[in-house]
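For reference, the structure is listed below as structure tokens.
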Amino acid sequence: MKFEELKKSLQSNIASNYLLYGNDAFVLQYAEQMIVSACNIQFPEMNDMRFGEDFDMQMVLKALDTVPMMSDKKVVRVDISDPKRNCQDLVKYLDSPNPTSVLIVNIHDQKDNYKTLVSAMNSVDCNKLSEKLVSAFLTRELKKYNKSITASALQKLVQYCLLDMSTCMNEAKKVALIIGDRTTIEDADIENNVTKNMEYQIFELTENLAKKDGKKVYQLLNVIKQKKDNVRSLNSLIFNHFRRMLHVGLSKMNKSQLATYLGVKEYAITKTMEQAKLFTKKQLKDIFEQCLALDYQLKNSEITPENAIDFICLYILNLA
């Protein structure tokens, strides 16, 4: 099931097991807490048991088979981020689970490495949420600080953080504190105080390259170059972005298929599709070929990273 379906599901029935997977740490944690809250655990010190990465499987099984102490249910939480953990004993347990225990397994973004476990359990998709749902979370969170936010400022906040809930929440709280006694967060508050995700900065840079807005392009580049580490990674980010745009521009696959094939999130594919339309297919092909040539020069120390960035930007700005 999707994360947004979990609340309704818990209201009608609490299953004996849940497997959480996805790429958003906040959503994973929130889903886990929703399940625990629904179980209404009494004496959590005895009935809410957690097992981290180095857990002993036999200890987990023992905890699951033990009846709860002065509570209707016991929760057993298992955290797995190791891509090669042997979970066969856990799968066997699921054939005949203890009805008073609720098993919660968090495998983070390792879904493809635990297919047997995924198919054996009640799986909850905790990947990045939709913009609508993230916005609803943020609006509710800001009310705790007696703050509201304009629609355009909210959209900026969500986009700057690329829908990552952990980042969105942290940035929203930061801005709420920065504006002091003011009750409404506006565009300028987000623009001046929220750190843009690097991938978002690449989207922004690409859009202005397509519009041939040289002044804005170099303003953006100057901001990015202020951090030396950014310069080292910027070329590969730009090259990969145009490779992705070329794939999207030529492919007949849908968003989901493209996201899986290119190893990115659907939101990134949506943004890439929008930007691919700003270029002709020939332009995308020419840009990608120039990126390949620059990549070769960088690997052979024939050009500096700074010069490569400037060259590809000038190339695109002057592309017919």
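For segment 59-72, filtered to residues that are open to solvent by 50 Å² or more (accessible area, probe 1.4 Å) and under 16 Å from Ile104 (Cα atoms), the residue that is nearest to the chain's Cα centre (by Cα) is Met59. Contact map, segment 54-73: first residue without any contact (Cβ under 8 Å) to a residue 60 or more places away in the chain and closer than 14 Å to Ser101 by Cβ, second residue of a type in the set (A, V, I, L, M, F, W, C) and open to solvent by 80 Å² or more (accessible area, probe 1.4 Å), Cβ cut-off under 8 Å, separation 6 or more or different chains; pairs are Met69/Phe43; Ser71/Phe43.
Candidates are the residues of segment 184-197 that are β-branched (Val, Ile, Thr) and out of contact with any strand residue (DSSP E or B) (no Cβ under 6 Å at 6 or more places or on another chain); the one that is surrounded by the fewest Cβ atoms within 10 Å (Cβ to Cβ) is Thr195. In the condition set (1) open to solvent by 50 Å² or more (accessible area, probe 1.4 Å); (2) on the phi > 0 side of the Ramachandran plot; (3) of a type in the set (A, V, I, L, M, F, W, C), Ile178 is compliant with all but (2).
Against the conditions (1) within 14 Å of Met121 (Cβ to Cβ); (2) buried (at least 16 other Cβ atoms within 10 Å of the Cβ); (3) not β-branched (Val, Ile, Thr), Asp95 satisfies every one except (2).
Being more than 28 Å from Asp24 (Cβ to Cβ) and either under 29 Å from the mean Cα position of the chain (by Cα) or free of Cβ contacts under 8 Å to residues at least 40 places away in the same chain (or both), is that true of even one residue in segment 250-261? Scanning segment 250-261, I find at least one residue that is more than 28 Å from Asp24 (Cβ to Cβ) and either under 29 Å from the mean Cα position of the chain (by Cα) or free of Cβ contacts under 8 Å to residues at least 40 places away in the same chain (or both), so the answer is yes.
Taking the criterion of being open to solvent by less than 40 Å² (accessible area, probe 1.4 Å) and within 24 Å of Leu298 (Cα to Cα), the residues of segment 234-282 that qualify are Leu234, Asn235, Ile238, Phe239, His241, Phe242, Arg244, Met245, Leu246, Leu262. On inspection, Tyr200 does not qualify as modelled with pLDDT under 95, closer than 26 Å to Glu4 by Cα and either open to solvent by 70 Å² or more (accessible area, probe 1.4 Å) or not in a helix (DSSP H, G or I) (or both). Screening segment 206-217 for residues that are assigned to a helix (DSSP H, G or I) and free of Cβ contacts under 8 Å to residues at least 60 places away in the same chain and picking the one that is least open to solvent (accessible area, probe 1.4 Å) gives Asn208. Considering only segment 150-160, I want to know if a residue exists there that is within 19 Å of Tyr30 (Cα to Cα) and either assigned to a helix (DSSP H, G or I) or in contact (Cβ under 8 Å) with a residue 40 or more places away in the chain (or both). So far as segment 150-160 goes, yes, one or more of its residues are within 19 Å of Tyr30 (Cα to Cα) and either assigned to a helix (DSSP H, G or I) or in contact (Cβ under 8 Å) with a residue 40 or more places away in the chain (or both).
The values are calculated or read from the model by the stated rules, or taken from the named source; none is laboratory data. What you see is a predicted model, and the numbers here were worked out from it, not measured in a lab. Cβ: placed from backbone, ideal geometry, glycine included. Neighbour counts: every protein chain shown. Only protein heavy atoms, including side chains, enter the accessible area calculation; ligands, DNA and RNA are left aside. Shrake-Rupley method; radii C 1.70, N 1.55, O 1.52, S 1.80 Å.
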